[in-house]
Amino acid sequence: MSRILVTGGSGRLGRSVVAGLARSGHQVVSVDRDGVPAGLLPPGVVQETTDLLAPGEALRLIEATKPDAVIHLAAIAVPFSAPEDVIFTTNTRLAFAVISAATQVGVPKIVTASSPTVLGYGCPAGWLPPSFPLDERTPPKPWNAYALSKLIAEQTMQMFAAAQGEKIRYAAFRPCFVISPEEWEGAPTQQGHTLAERLADPALSAPALFNYVDARDVADFLDLLLQKMPDIPNGETFFVGAADALATAPLAELIPRFLPGCEALSAGLSGTSPAFSIAKAQELLGWQPKRSWRTELKSILNDDASTLVTAGNRGKEAS
């Protein structure tokens with residue numbers, strides 16, 4: 001059993017990470033500016049409400065809790081949800097404060113959250129990758145403050161890993177479009193649409209290249225990552241996503257409709273193949289996502305399995 005400190009533990013992803021790690025038998029300290037009601041905390045989870053940007057607060061908290069691992073999720077989590085300078089300074093300062101404090105205390109394992117947006121898709125000036133599927137070797141080209149702040153979080157992790165050698169283990173991960181458990185039941189996603197709506201209208205998922213991941217699968221990934229960190233190269237970054245795309249048609253058909261000039265690049269994305277590869281996490285860690293929209297949207301699919309496909313086809317004809 002490990003004692004794990006999770007920053008941003010009250011967030012959409014954080015709640016599932018905290019719950020998943022607690023279910024796995026870890027002692028979890030959930031840290032956020034705003035806590036969740038005590039009755040919603042998983043058994044045994046300790047909640048700390050604090051501002052990690054306050055001078056010395058991250059160091060004080062980590063020294064007081066003495067964790068075996070730190071997972072840093074806290075951030076302004078949605079691009080353009082605040083002024084660009086606020087997003088940039090908040091996210092980069094949080095990453096540096098938490099990683100540096102954990103390093104100073106000597107926490108053996110330190111993990112920070114990044115984002116697939118570091119690659120630069122959706123850029124108004126245009127964007128094409130060297131190839132599909134996208135993976136950890138795809139060159140980052142951030143074009144907004146959120147994406148840049150996440151790339152700097154990765155680089156902050158790598159800087160400390162370079163300085164510490166093998167004394168402390170570091171890693172970063174890029175979770176795809178996170179879907180929390182309540183969103184499978186019909187709650188709106190962070191973009192304001194339900195999952196059924198996103199599947200019925202490809203234009204809603206196209207800006208994210210149809211990527212997604214169940215928040216509980218991210219929790220499973222992090223649990224496994226912490227176990228494997230002593231045995232893998234230090235300072236690695238991983239994509240964490242579902243094994244399929246959030247789409248009812250192959251991406252070889254869908255992506256060229258929204259990303260001009262990528263017909264040849266995306267031709268291999270047949271069947272249910274996603275645009276983002278998780279091969280590195282599968283090969284280096286042995287991780288495999290357990291959940292898909294095809295399994296988690298059972299109630300909708302059982303009511304009328306053809307509705308989503310029919311609606312998607314209508315959208316294709318109209319485009």
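The values are calculated or read from the model by the stated rules, or taken from the named source; none is laboratory data. Just so it is clear, the model here is predicted, and its values are computed rather than measured. Ideal geometry is used to build each Cβ from the backbone, glycine not excepted, and the neighbour counts take in all protein chains shown.
Just a few scattered comments:
- Selection from the range 1-54 of residues that are at positive phi and modelled with pLDDT of 95 or more: GLY8, GLY25
- SER266 among the small types (Gly, Ala, Ser), under 15 Å from ALA243 (Cβ atoms) and not in a helix (DSSP H, G or I): no
- Selection from the range 175-212 of residues that are more than 16 Å from ARG12 (Cβ to Cβ) and either in contact (Cβ under 8 Å) with a residue 60 or more places away in the chain or not in a helix (DSSP H, G or I) (or both): ALA196, LEU199, ALA200, ASP201, PRO202, ALA203, PRO207, LEU209, PHE210
- Checklist (1) part of a helix (DSSP H, G or I); (2) in contact (Cβ under 8 Å) with a residue 60 or more places away in the chain; (3) within 24 Å of VAL213 (Cα to Cα); (4) not basic (Lys, Arg) applied to PHE96, failing item: (3)
- Residue in the range 84-93 that is surrounded by 15 or more Cβ atoms within 10 Å (Cβ to Cβ) and closer than 28 Å to SER2 by Cβ present: yes
- Boolean, GLU154 is assigned to a loop (DSSP other than H, G, I, E, B) and within 15 Å of ASN234 (Cβ to Cβ): no
- Complete set of residues in the range 251-291 that are under 23 Å from the mean Cα position of the chain (by Cα) and without any contact (Cβ under 8 Å) to a residue 24 or more places away in the chain: GLN282, GLU283
- Once the range 15-30 is narrowed to residues that are assigned to a helix (DSSP H, G or I) and touching an Asp or Glu at 6+ places or on another chain (Cβ under 7 Å), the residue that is surrounded by the most Cβ atoms within 10 Å (Cβ to Cβ) is LEU21.
- So ALA145, is it surrounded by 16 or more Cβ atoms within 10 Å (Cβ to Cβ), out of contact with any Lys or Arg (no Cβ under 9 Å at 6 or more places or on another chain) and farther than 19 Å from PRO274 by Cβ: yes
- The residue of the range 106-137 that is surrounded by the fewest Cβ atoms within 10 Å (Cβ to Cβ), among those that are farther than 26 Å from ALA219 by Cα and of a type in the set (A, V, I, L, M), is ALA125.
- Count - residues of the range 276-290 that are out of contact with any strand residue (DSSP E or B) (no Cβ under 6 Å at 6 or more places or on another chain) and of a type in the set (A, V, I, L, M): 3
- Filtered by the rule that a residue be closer than 18 Å to PHE258 by Cβ, without any contact (Cβ under 8 Å) to a residue 60 or more places away in the chain and either β-branched (Val, Ile, Thr) or in a helix (DSSP H, G or I) (or both), the range 116-137 gives THR117, LEU119.
- Within the range 1-14, tally of residues that are surrounded by fewer than 21 Cβ atoms within 10 Å (Cβ to Cβ) and under 17 Å from VAL240 (Cβ atoms): 1
- Count - residues of the range 59-93 that are basic (Lys, Arg), part of a helix (DSSP H, G or I) and touching a residue at least 24 places away in the same chain (Cβ under 8 Å): 1
- Hits in the range 42-56 - residues which are of a type outside the set (Asp, Glu) and in contact (Cβ under 8 Å) with a residue 12 or more places away in the chain: PRO42, PRO43, GLY44, VAL45, VAL46, GLN47, THR49, THR50, LEU52, LEU53
- Of the candidates GLU197, GLU185, GLU236, the single residue that is among the acidic types (Asp, Glu) and closer than 22 Å to LEU151 by Cα is GLU236.
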